[in-house]
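Data block below; observations after.
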Amino acid sequence: MTENEAARPLTRITTSATFSSAHRLHNPSRDEEWNRTVFGKCNNPHGHGHTYGLEITVEGEIDPEKGWVLDFSDLKRLVSERVVKRCDCRNLNTDVDFLAGSIPTAEVLAIRFWDQLAPHLAPARLVELVLHETERNKVVYRGGA
């Protein structure tokens, strides 16, 4: 096996972004009382907002000619185009096409954001997405089977 054929080490890189959005936690298939009981203050009919923090980690082999897994600027651009610009200063219940028909909990958002990013990161692959809804609450998603 030549040096060029030898397996290159896998490396992970992470970038982060923030955006602000409003949402309402509400299941339209259930009555108002059920929604108020289950979702509490998050069921406010006028919604409420968060400044979300998003961390995206990708993994891949280091390109021997470039010395990186993926250009950080390309990763940041993809996160901005595919998630941040589409969600920032928006109502997640009504204004974001890829969230239509979902209850925009942090868990659901993490999965939908993953779906928006994962197919576009080659040659790297998405390995972890962390969504901070508040300083104390976050979701960690590593893809589904």
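Odds and ends about this structure:
- Long-range amide H partners of Asn91 with built H, under 5 Å: Ala22
- Karplus (6.51, -1.76, 1.60) ³J(HN,Hα), θ = phi - 60°, over segment 42-58, in Hz, Gly and Pro reported as x: 6, 9, 3, x, 8, x, 7, x, 9, 9, 7, x, 10, 10, 10, 10, 10
- Which labelled figure in [x] 12, 44, 34, 10, 0; [y] 11, 37, 28, 14, 7, 3, 1; [z] 12, 41, 28, 15, 4, 0 is P(r) over Cα pairs in 10 Å bins from 0, in percent, once derived from the coordinates: [y]
- The residues of segment 1-125 expose on average 60 square angstrom of accessible surface per residue, using a 1.4 Å probe on protein heavy atoms.
- Counting only protein heavy atoms and a probe of 1.4 Å, the accessible surface of the chain is 48% carbon and sulfur.
- Length-normalised contact order for segment 1-125 - Cα pairs under 8 Å, 6+ apart - percent: 32
- Nearest-ten-degree value, helix 106-117 long axis tilted from longest Cα axis of the chain: 40
- In range of the label at Ala17: residues from segment 78-108 whose backbone nitrogen is under 13 Å from the point 7 Å along Cα→Cβ: 78-89
- Pairwise label distance in nanometres, Glu135 with Glu81, each label 7 Å out on the Cα-Cβ vector: 3.6
- The lysines within cross-link reach of Lys41, meaning a Cα-to-Cα straight distance under 20 Å and a gap of 8 or more places when in the same chain, are Lys138.
The values are calculated or read from the model by the stated rules, or taken from the named source; none is laboratory data. Quick caveat: nothing in here was measured; it's all calculated off a predicted structure. In this analysis, Cβ positions are derived from the backbone assuming ideal geometry, glycine residues included, and neighbour counts consider all displayed protein chains. For accessibility, only protein heavy atoms count, side chains too; no ligands or nucleic acids. Shrake-Rupley method; radii C 1.70, N 1.55, O 1.52, S 1.80 Å.
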